[in-house]
Amino acid sequence: MDYRQLGRTDLKVSALCLGTMTWGEQNTAAQAFEQIDRAKAAGVNFIDTAEMYPVPPRPETYASTEQIIGQYFRERGDRADWILASKIAGPGNGISHIRDANLKFNRSHIVAALDASLARLQTDWIDLYQLHWPERSTNFFGKLGYQHTQDQLDTPLEETLQVLDEQVKAGKIRHIGLSNETPWGTMKFLQLAESRGWPRAVSIQNPYNLLNRSFEVGLAEIAIREQCGLLAYSPLAFGMLSGKFENGARPANARLTLFSRFARYNAPQTVAACSRYVALAREHRLDPAQMALAYVTAQPFVSSNIIGATSLEQLDSNLASIDVKLSEEVLSGIEAIHKDQPNPAP
(Lines give C-alpha, C1' and ligand atoms only; values in the text may rest on other atoms or scores of the structure.)
Protein backbone atom coordinates (compact mmCIF):
# COMPACT_ATOMS: atom_id res chain seq x y z
CA MET A 1 0.00 0.00 0.00
CA ASP A 2 1.10 3.53 -0.76
CA TYR A 3 0.64 6.29 1.86
CA ARG A 4 0.25 9.99 1.21
CA GLN A 5 0.27 13.09 3.36
CA LEU A 6 -3.18 14.46 4.13
CA GLY A 7 -2.97 18.17 3.36
CA ARG A 8 -0.40 19.91 5.53
CA THR A 9 -1.04 17.58 8.46
CA ASP A 10 1.22 14.92 9.90
CA LEU A 11 -1.27 12.21 8.91
CA LYS A 12 -0.38 9.67 6.25
CA VAL A 13 -3.45 8.14 4.60
CA SER A 14 -3.50 5.04 2.45
CA ALA A 15 -3.82 5.75 -1.27
CA LEU A 16 -7.00 3.67 -1.19
CA CYS A 17 -9.71 4.68 1.28
CA LEU A 18 -12.50 2.33 2.34
CA GLY A 19 -15.89 3.75 1.36
CA THR A 20 -18.90 2.72 3.42
CA MET A 21 -22.12 4.04 1.93
CA THR A 22 -23.61 0.59 1.22
CA TRP A 23 -23.36 -0.57 4.83
CA GLY A 24 -26.78 -0.81 6.40
CA GLU A 25 -28.54 -0.99 3.02
CA GLN A 26 -26.81 -3.36 0.59
CA ASN A 27 -24.47 -4.79 3.23
CA THR A 28 -25.12 -6.15 6.69
CA ALA A 29 -23.01 -5.30 9.73
CA ALA A 30 -21.31 -8.69 9.52
CA GLN A 31 -20.38 -8.08 5.89
CA ALA A 32 -19.11 -4.60 6.74
CA PHE A 33 -16.91 -6.08 9.48
CA GLU A 34 -15.44 -8.50 6.92
CA GLN A 35 -14.71 -5.63 4.55
CA ILE A 36 -12.97 -3.59 7.23
CA ASP A 37 -10.85 -6.55 8.29
CA ARG A 38 -9.91 -7.30 4.68
CA ALA A 39 -9.04 -3.68 3.90
CA LYS A 40 -6.93 -3.38 7.04
CA ALA A 41 -5.03 -6.54 6.13
CA ALA A 42 -4.22 -4.93 2.77
CA GLY A 43 -2.78 -1.85 4.46
CA VAL A 44 -5.76 0.51 4.30
CA ASN A 45 -5.81 2.88 7.29
CA PHE A 46 -8.42 5.37 6.04
CA ILE A 47 -12.20 4.94 6.26
CA ASP A 48 -14.83 7.42 5.05
CA THR A 49 -18.45 7.68 6.13
CA ALA A 50 -21.19 10.29 6.63
CA GLU A 51 -24.13 10.96 8.90
CA MET A 52 -26.59 10.51 5.99
CA TYR A 53 -25.28 7.04 5.01
CA PRO A 54 -26.29 4.51 3.82
CA VAL A 55 -27.26 5.62 0.33
CA PRO A 56 -29.94 6.04 -0.84
CA PRO A 57 -30.83 7.96 2.32
CA ARG A 58 -34.03 6.74 3.98
CA PRO A 59 -35.50 7.39 7.44
CA GLU A 60 -35.53 3.65 8.12
CA THR A 61 -31.78 3.26 7.64
CA TYR A 62 -30.59 6.71 8.75
CA ALA A 63 -27.14 6.66 10.40
CA SER A 64 -26.86 2.86 10.16
CA THR A 65 -23.43 3.11 8.59
CA GLU A 66 -21.88 5.12 11.42
CA GLN A 67 -23.50 2.76 13.92
CA ILE A 68 -21.93 -0.26 12.22
CA ILE A 69 -18.50 1.37 12.28
CA GLY A 70 -18.95 2.21 15.95
CA GLN A 71 -19.84 -1.41 16.68
CA TYR A 72 -16.69 -2.49 14.88
CA PHE A 73 -14.49 -0.17 16.92
CA ARG A 74 -16.08 -1.39 20.14
CA GLU A 75 -15.60 -5.06 19.27
CA ARG A 76 -12.14 -4.83 17.71
CA GLY A 77 -10.72 -2.11 19.96
CA ASP A 78 -8.59 -0.72 17.14
CA ARG A 79 -9.99 2.80 16.76
CA ALA A 80 -6.48 4.30 17.04
CA ASP A 81 -5.35 2.31 13.99
CA TRP A 82 -7.71 4.20 11.71
CA ILE A 83 -7.91 7.66 10.18
CA LEU A 84 -11.64 8.21 10.36
CA ALA A 85 -13.54 10.65 8.15
CA SER A 86 -17.19 11.60 8.36
CA LYS A 87 -19.46 14.37 7.03
CA ILE A 88 -22.27 16.65 8.07
CA ALA A 89 -25.20 16.71 5.63
CA GLY A 90 -26.17 19.92 3.87
CA PRO A 91 -29.61 21.21 2.86
CA GLY A 92 -31.83 19.84 0.11
CA ASN A 93 -30.95 16.68 -1.82
CA GLY A 94 -34.34 15.19 -0.92
CA ILE A 95 -33.45 14.72 2.74
CA SER A 96 -36.31 15.43 5.14
CA HIS A 97 -35.48 13.12 8.03
CA ILE A 98 -32.24 14.60 9.44
CA ARG A 99 -32.66 17.05 12.31
CA ASP A 100 -35.29 19.65 11.32
CA ALA A 101 -35.09 19.01 7.56
CA ASN A 102 -33.74 22.53 7.15
CA LEU A 103 -30.08 21.69 7.38
CA LYS A 104 -27.50 24.42 7.89
CA PHE A 105 -23.80 24.67 8.61
CA ASN A 106 -24.43 26.89 11.61
CA ARG A 107 -23.54 26.42 15.25
CA SER A 108 -26.57 24.42 16.32
CA HIS A 109 -26.45 22.01 13.39
CA ILE A 110 -22.70 21.42 13.44
CA VAL A 111 -22.62 20.74 17.18
CA ALA A 112 -25.68 18.48 17.04
CA ALA A 113 -24.45 16.56 13.99
CA LEU A 114 -20.93 16.12 15.31
CA ASP A 115 -21.98 14.98 18.76
CA ALA A 116 -24.44 12.48 17.28
CA SER A 117 -21.79 11.10 14.91
CA LEU A 118 -19.28 10.72 17.74
CA ALA A 119 -21.85 8.79 19.78
CA ARG A 120 -22.75 6.48 16.90
CA LEU A 121 -19.10 5.93 15.98
CA GLN A 122 -18.25 5.23 19.63
CA THR A 123 -15.20 7.43 19.51
CA ASP A 124 -14.00 10.62 21.16
CA TRP A 125 -12.71 12.19 17.95
CA ILE A 126 -13.09 12.24 14.17
CA ASP A 127 -9.86 12.74 12.25
CA LEU A 128 -11.43 14.45 9.24
CA TYR A 129 -14.81 16.18 9.47
CA GLN A 130 -16.21 17.29 6.12
CA LEU A 131 -19.03 19.53 4.87
CA HIS A 132 -20.84 17.02 2.65
CA TRP A 133 -21.97 19.58 0.05
CA PRO A 134 -22.28 23.37 -0.01
CA GLU A 135 -25.12 25.05 1.83
CA ARG A 136 -25.26 27.75 -0.82
CA SER A 137 -26.83 27.32 -4.24
CA THR A 138 -24.04 26.38 -6.64
CA ASN A 139 -22.87 23.63 -8.99
CA PHE A 140 -22.52 20.15 -7.54
CA PHE A 141 -23.96 16.64 -8.04
CA GLY A 142 -23.67 17.04 -11.80
CA LYS A 143 -25.36 20.43 -12.11
CA LEU A 144 -24.07 22.47 -15.04
CA GLY A 145 -24.75 26.09 -15.92
CA TYR A 146 -24.17 28.26 -12.85
CA GLN A 147 -27.14 30.48 -11.96
CA HIS A 148 -26.44 33.04 -9.28
CA THR A 149 -28.78 33.65 -6.34
CA GLN A 150 -28.31 35.98 -3.40
CA ASP A 151 -28.39 33.16 -0.80
CA GLN A 152 -29.50 35.58 1.89
CA LEU A 153 -30.48 32.76 4.24
CA ASP A 154 -27.18 30.88 4.00
CA THR A 155 -24.92 30.55 7.01
CA PRO A 156 -21.89 32.83 6.55
CA LEU A 157 -18.77 30.80 5.84
CA GLU A 158 -17.15 32.70 8.71
CA GLU A 159 -19.63 31.25 11.19
CA THR A 160 -19.13 27.75 9.85
CA LEU A 161 -15.36 27.94 10.18
CA GLN A 162 -15.50 29.53 13.61
CA VAL A 163 -17.70 26.73 14.95
CA LEU A 164 -15.44 24.09 13.38
CA ASP A 165 -12.48 25.84 15.02
CA GLU A 166 -14.18 25.47 18.39
CA GLN A 167 -14.71 21.75 17.77
CA VAL A 168 -11.05 21.30 16.86
CA LYS A 169 -9.99 23.10 20.03
CA ALA A 170 -12.38 20.91 22.02
CA GLY A 171 -10.64 17.82 20.61
CA LYS A 172 -13.72 16.46 18.88
CA ILE A 173 -12.21 16.72 15.40
CA ARG A 174 -8.61 16.92 14.25
CA HIS A 175 -8.97 18.39 10.77
CA ILE A 176 -11.67 19.66 8.44
CA GLY A 177 -12.39 18.94 4.79
CA LEU A 178 -14.72 20.01 2.00
CA SER A 179 -16.86 17.91 -0.31
CA ASN A 180 -18.64 18.55 -3.60
CA GLU A 181 -17.07 22.03 -3.57
CA THR A 182 -16.29 24.47 -6.34
CA PRO A 183 -13.01 26.31 -7.00
CA TRP A 184 -14.47 29.53 -5.55
CA GLY A 185 -15.74 27.81 -2.43
CA THR A 186 -12.48 25.97 -1.85
CA MET A 187 -10.34 29.09 -2.16
CA LYS A 188 -12.74 31.14 -0.02
CA PHE A 189 -12.58 28.60 2.79
CA LEU A 190 -8.79 28.53 2.56
CA GLN A 191 -8.51 32.33 2.49
CA LEU A 192 -10.77 32.78 5.51
CA ALA A 193 -8.93 30.09 7.46
CA GLU A 194 -5.55 31.66 6.85
CA SER A 195 -6.67 35.22 7.54
CA ARG A 196 -8.55 34.36 10.75
CA GLY A 197 -6.39 31.56 12.13
CA TRP A 198 -9.17 29.00 11.75
CA PRO A 199 -8.77 25.36 10.63
CA ARG A 200 -7.55 24.99 7.07
CA ALA A 201 -9.29 22.44 4.84
CA VAL A 202 -6.91 19.54 4.24
CA SER A 203 -8.89 17.79 1.51
CA ILE A 204 -11.78 18.04 -0.91
CA GLN A 205 -13.97 15.02 -1.62
CA ASN A 206 -15.40 15.33 -5.12
CA PRO A 207 -16.34 12.89 -7.88
CA TYR A 208 -13.52 11.89 -10.21
CA ASN A 209 -13.41 9.05 -12.72
CA LEU A 210 -12.79 8.35 -16.40
CA LEU A 211 -16.30 9.59 -17.22
CA ASN A 212 -16.02 12.75 -15.13
CA ARG A 213 -12.65 14.51 -15.06
CA SER A 214 -14.14 17.97 -14.45
CA PHE A 215 -12.04 18.24 -11.27
CA GLU A 216 -9.04 18.80 -13.53
CA VAL A 217 -10.42 22.07 -14.92
CA GLY A 218 -10.22 24.36 -11.88
CA LEU A 219 -9.66 22.29 -8.77
CA ALA A 220 -6.61 20.17 -9.63
CA GLU A 221 -4.27 23.18 -9.51
CA ILE A 222 -5.76 24.24 -6.19
CA ALA A 223 -5.38 20.73 -4.79
CA ILE A 224 -1.67 20.69 -5.60
CA ARG A 225 -0.67 24.29 -4.93
CA GLU A 226 -2.72 24.61 -1.74
CA GLN A 227 -2.06 21.05 -0.53
CA CYS A 228 -5.77 20.36 -0.32
CA GLY A 229 -5.81 17.05 -2.14
CA LEU A 230 -8.68 15.21 -3.73
CA LEU A 231 -10.44 12.33 -2.00
CA ALA A 232 -11.91 10.87 -5.17
CA TYR A 233 -15.38 9.40 -4.88
CA SER A 234 -17.29 7.33 -7.47
CA PRO A 235 -14.01 6.26 -9.14
CA LEU A 236 -15.95 3.47 -10.90
CA ALA A 237 -18.98 5.65 -11.74
CA PHE A 238 -21.38 3.51 -9.70
CA GLY A 239 -19.79 0.37 -11.18
CA MET A 240 -20.30 1.39 -14.81
CA LEU A 241 -16.55 1.31 -15.47
CA SER A 242 -16.29 -2.27 -14.19
CA GLY A 243 -17.95 -3.54 -17.35
CA LYS A 244 -20.72 -5.37 -15.50
CA PHE A 245 -23.43 -3.17 -17.02
CA GLU A 246 -22.26 -3.59 -20.62
CA ASN A 247 -24.92 -4.23 -23.29
CA GLY A 248 -27.68 -3.20 -20.93
CA ALA A 249 -26.95 -5.87 -18.33
CA ARG A 250 -28.39 -5.31 -14.86
CA PRO A 251 -26.86 -7.80 -12.42
CA ALA A 252 -28.97 -8.72 -9.42
CA ASN A 253 -28.29 -6.64 -6.30
CA ALA A 254 -26.15 -4.08 -8.18
CA ARG A 255 -26.79 -0.48 -7.19
CA LEU A 256 -28.03 0.61 -10.61
CA THR A 257 -30.34 -2.41 -10.67
CA LEU A 258 -31.81 -1.77 -7.25
CA PHE A 259 -32.16 2.01 -7.23
CA SER A 260 -33.62 3.96 -10.14
CA ARG A 261 -32.54 7.30 -8.61
CA PHE A 262 -28.93 6.75 -9.68
CA ALA A 263 -29.16 8.08 -13.24
CA ARG A 264 -25.98 10.16 -13.31
CA TYR A 265 -24.03 7.64 -15.38
CA ASN A 266 -26.84 6.24 -17.54
CA ALA A 267 -27.08 8.80 -20.36
CA PRO A 268 -26.46 7.42 -23.90
CA GLN A 269 -23.20 9.38 -24.36
CA THR A 270 -21.99 8.08 -20.99
CA VAL A 271 -22.79 4.47 -21.82
CA ALA A 272 -21.00 4.85 -25.17
CA ALA A 273 -17.84 6.29 -23.60
CA CYS A 274 -17.90 3.67 -20.87
CA SER A 275 -17.99 0.88 -23.45
CA ARG A 276 -14.88 2.31 -25.08
CA TYR A 277 -12.98 2.37 -21.78
CA VAL A 278 -14.04 -1.19 -20.98
CA ALA A 279 -12.96 -2.33 -24.44
CA LEU A 280 -9.60 -0.58 -24.04
CA ALA A 281 -8.96 -2.39 -20.78
CA ARG A 282 -9.83 -5.77 -22.24
CA GLU A 283 -7.70 -5.10 -25.31
CA HIS A 284 -4.71 -4.75 -22.99
CA ARG A 285 -5.77 -7.69 -20.81
CA LEU A 286 -6.59 -5.47 -17.88
CA ASP A 287 -9.55 -5.74 -15.56
CA PRO A 288 -11.71 -2.71 -16.51
CA ALA A 289 -12.38 -1.77 -12.89
CA GLN A 290 -8.71 -2.00 -11.97
CA MET A 291 -7.72 0.13 -14.97
CA ALA A 292 -10.23 2.80 -13.98
CA LEU A 293 -9.11 2.78 -10.36
CA ALA A 294 -5.41 2.77 -11.21
CA TYR A 295 -5.89 5.84 -13.39
CA VAL A 296 -7.53 7.79 -10.56
CA THR A 297 -5.03 6.71 -7.91
CA ALA A 298 -2.07 7.76 -10.06
CA GLN A 299 -3.14 11.39 -10.45
CA PRO A 300 -0.81 13.82 -8.63
CA PHE A 301 -3.69 15.77 -7.07
CA VAL A 302 -5.30 12.69 -5.50
CA SER A 303 -4.64 12.13 -1.81
CA SER A 304 -6.76 8.99 -1.64
CA ASN A 305 -9.11 7.04 -3.89
CA ILE A 306 -12.34 5.99 -2.15
CA ILE A 307 -13.24 2.43 -3.11
CA GLY A 308 -16.48 0.71 -2.18
CA ALA A 309 -17.75 -2.82 -2.61
CA THR A 310 -20.73 -4.99 -1.79
CA SER A 311 -18.77 -8.25 -1.77
CA LEU A 312 -15.34 -9.38 -0.65
CA GLU A 313 -14.60 -10.46 -4.21
CA GLN A 314 -15.20 -6.91 -5.45
CA LEU A 315 -13.19 -5.47 -2.58
CA ASP A 316 -10.22 -7.77 -3.24
CA SER A 317 -10.20 -6.73 -6.89
CA ASN A 318 -10.38 -3.05 -6.00
CA LEU A 319 -7.60 -3.39 -3.44
CA ALA A 320 -5.41 -5.15 -6.00
CA SER A 321 -5.66 -2.08 -8.26
CA ILE A 322 -2.96 -0.44 -6.13
CA ASP A 323 -0.41 -2.68 -7.89
CA VAL A 324 -1.63 -1.91 -11.42
CA LYS A 325 0.61 0.46 -13.37
CA LEU A 326 -0.82 1.68 -16.65
CA SER A 327 1.43 1.62 -19.70
CA GLU A 328 1.93 4.62 -21.95
CA GLU A 329 -0.09 2.83 -24.60
CA VAL A 330 -3.04 2.45 -22.23
CA LEU A 331 -2.76 6.05 -21.06
CA SER A 332 -2.70 7.24 -24.67
CA GLY A 333 -5.81 5.21 -25.34
CA ILE A 334 -7.56 6.77 -22.35
CA GLU A 335 -6.68 10.27 -23.54
CA ALA A 336 -7.92 9.53 -27.04
CA ILE A 337 -11.31 8.46 -25.71
CA HIS A 338 -11.43 11.47 -23.39
CA LYS A 339 -10.68 13.81 -26.29
CA ASP A 340 -13.53 12.33 -28.33
CA GLN A 341 -16.01 12.21 -25.42
CA PRO A 342 -14.83 14.57 -22.66
CA ASN A 343 -16.65 14.35 -19.34
CA PRO A 344 -19.85 12.68 -20.54
CA ALA A 345 -21.09 12.40 -16.94
CA PRO A 346 -20.07 15.56 -15.01
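Would you check if there is a residue in the stretch 170-183 being out of contact with any helix residue (DSSP H, G or I) (no Cβ under 7 Å at 6 or more places or on another chain), among the hydrophobic types (A, V, I, L, M, F, W, C) and assigned to a helix (DSSP H, G or I)?
Looking for residues that are out of contact with any helix residue (DSSP H, G or I) (no Cβ under 7 Å at 6 or more places or on another chain), among the hydrophobic types (A, V, I, L, M, F, W, C) and assigned to a helix (DSSP H, G or I), one finds none in the stretch 170-183, hence no.
Restricting the search to the stretch 301-322, which residues are of a type in the set (A, V, I, L, M, F, W, C) and either closer than 13 Å to Met1 by Cα or part of a loop (DSSP other than H, G, I, E, B) (or both)?
Phe301, Ala309, Leu319, Ala320, Ile322
Identify, by number, the condition in (1) out of contact with any strand residue (DSSP E or B) (no Cβ under 6 Å at 6 or more places or on another chain); (2) over 17 Å from Ile307 (Cα atoms); (3) of a type in the set (A, V, I, L, M, F, W, C); (4) surrounded by 15 or more Cβ atoms within 10 Å (Cβ to Cβ) that Ala80 doesn't meet.
(4)
State which residue pairs qualify: first residue farther than 17 Å from Asp115 by Cα and crowded, with 23+ Cβ neighbours inside 10 Å and inside the stretch 60-75, second residue at pLDDT 95 or above and among the polar types (S, T, N, Q) in any location, beta carbons under 6 Å apart, and separation of 6 or more residues or different chains.
Taking only residues 6 or more apart or on different chains, not a single pair turns up.
Restricting attention to the stretch 232-266, and to residues there that are in a helix (DSSP H, G or I) and in contact with a helix residue (DSSP H, G or I) (Cβ under 7 Å, 6 or more places away or on another chain), which single residue is nearest to Ile337 (Cα to Cα)?
Leu241
What are the residues in the stretch 272-285 that are touching a helix residue (DSSP H, G or I) at 6+ places or on another chain (Cβ under 9 Å), surrounded by fewer than 19 Cβ atoms within 10 Å (Cβ to Cβ) and without any contact (Cβ under 8 Å) to a residue 60 or more places away in the chain, if any?
Ser275, Ala279, Arg282, Glu283, His284
Looking at the stretch 1-36 only, could you name the residues that are surrounded by fewer than 17 Cβ atoms within 10 Å (Cβ to Cβ) and assigned to a loop (DSSP other than H, G, I, E, B)?
Met1, Asp2, Arg8, Asp10, Thr28
Looking only at the stretch 92-137, which residues are assigned to a loop (DSSP other than H, G, I, E, B), surrounded by fewer than 16 Cβ atoms within 10 Å (Cβ to Cβ) and either among the acidic types (Asp, Glu) or touching a residue at least 60 places away in the same chain (Cβ under 8 Å) (or both)?
Residues satisfying the conditions are Asp100, Asp124.
How many residues, within the stretch 1-30, are more than 17 Å from the chain's Cα centre (by Cα) and free of Cβ contacts under 8 Å to residues at least 60 places away in the same chain?
Total satisfying the criteria: 8.
Can you report the number of residues in the stretch 61-91 which are assigned to a loop (DSSP other than H, G, I, E, B), more than 21 Å from the chain's Cα centre (by Cα) and among the hydrophobic types (A, V, I, L, M, F, W, C)?
Adding up the residues that qualify gives 0.
Does the stretch 286-300 hold any residues that are assigned to a loop (DSSP other than H, G, I, E, B) and crowded, with 21+ Cβ neighbours inside 10 Å, and which are they?
none
Mind counting the residues in the stretch 37-52 that are crowded, with 18+ Cβ neighbours inside 10 Å and touching a strand residue (DSSP E or B) at 6+ places or on another chain (Cβ under 7 Å)?
Number satisfying all stated conditions: 9.
The values are calculated or read from the model by the stated rules, or taken from the named source; none is laboratory data. Just so you know, these numbers come straight off a predicted model, no measurement behind them. Cβ sites come from the backbone with ideal geometry, for glycine too, and all protein chains shown count toward neighbours.
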